[in-house]
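The values are calculated or read from the model by the stated rules, or taken from the named source; none is laboratory data. Quantities reported herein were computed from a predicted structural model and do not represent experimental measurements. No Cβ is skipped: glycine too gets one built from the backbone with ideal geometry, and neighbour counts run over all protein chains shown.
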Amino acid sequence: MADAIESGHSRNGTQRVESRSKNRGILAQVYSVKDESESIEAATACEGTAEEKLYFVLVENQKFKELVQLDDMVRENREILARSQQERESNRHHLNHLRKQMLLRIRMP
């Protein structure tokens, strides 16, 4: 299929695949920006009918929103993990302190 695109054959469906491959290049630009309006603007640059462009914009806009949500979730999870690790370390120090106190009490007559 890639050979057909590179050689310029116009077999049925080739044009759609070419359009998709151009759109993938646009996606790199879409995902590199963090502004939703810029992503829509980049998505409308794809070739095709108005209906195909609209579909592409809607799908890519949804993907962009999902990526932003996932990015937020990853950030939140990293913050939770960092707090958990700090709390665990604090608990470990406190436990060691309590052990030392207990050992001192046991040794005292």
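Points to keep in mind about this one:
- Being surrounded by 14 or more Cβ atoms within 10 Å (Cβ to Cβ), modelled with pLDDT under 80 and part of a helix (DSSP H, G or I) is a condition met by at least one residue of the stretch 6-17.
- Some residue of the stretch 75-85 being modelled with pLDDT under 95, surrounded by 13 or more Cβ atoms within 10 Å (Cβ to Cβ) and not β-branched (V, I, T): no
- Scope the stretch 48-66; condition among the β-branched types (V, I, T), part of a helix (DSSP H, G or I) and modelled with pLDDT under 80; matching residues: V57
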